[in-house]
Amino acid sequence: QVQLVESGGGLVQAGGSLRLSCTASGRAFDWLLGAWFRQAPGKERDFVAAVSSTDTTYYPDSAKGRFTISRDRSKNTVYLQMNSLKPEDTAVYYCAAGYGGSWYSPDTYNYWGQGTPVTVSS
């Protein structure tokens, strides 16, 4: 069993930056596919970024150039660095981990964190 705990969310002005952290316990994170999703009120959960066990990264077009996913194996942690934030980035951000598959699909992931809210003011 894997437990994921996110941190780093908060309130930021448009154009600002935040770094989210997701620390895993119960099993090493480094062999899992790690990802971030987000969900705004009344909307579906959307893919934000993923990193494979070989450190290949994946992003949707909305995140390319602004968001960076990375992992620190020594800390069993995956990060999401978010720059040039926009009000439309406001959502609850969820960390997820899985064994592999379609990296953009929530169905791929077996483990989820509790979510951390991000609010971007205009």
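The values are calculated or read from the model by the stated rules, or taken from the named source; none is laboratory data. Bear in mind the structure is a predicted one, so any value in this text is a computation, not a measurement. With ideal geometry, Cβ positions are generated from the backbone for all residues, glycine too; neighbour counts draw on all protein chains shown. What goes into the accessible areas is simple: the full protein's heavy atoms, side chains included, and nothing from ligands, DNA or RNA. Shrake-Rupley method; radii C 1.70, N 1.55, O 1.52, S 1.80 Å.
Here each label is just a point 7 Å from Cα along the line to Cβ, and for residue 2 and residue 40 those points are 2.8 nm apart.
For the modelled label position 7 Å from the Cα of residue 86 along Cα-to-Cβ, which residues of the stretch 39-61 have backbone nitrogen atoms closer than 20 Å? Within reach of a label on residue 86: 39-50, 58-61. What the chain shows is 50 Å² of accessible area per residue, with the surface traced by a 1.4 Å probe over protein heavy atoms. Loop-located trypsin sites (Lys or Arg not before Pro) across the stretch 28-122 with a Cβ neighbour count of 13 or fewer within 10 Å are 43, 64, with loop assigned by DSSP. Once all protein chains are placed together, residue 112 keeps about 80 Å² accessible to a 1.4 angstrom probe. On the basis of the beta-carbon distance and an R0 of 41 Å, residue 99 and residue 11 show a calculated FRET efficiency of 0.75.
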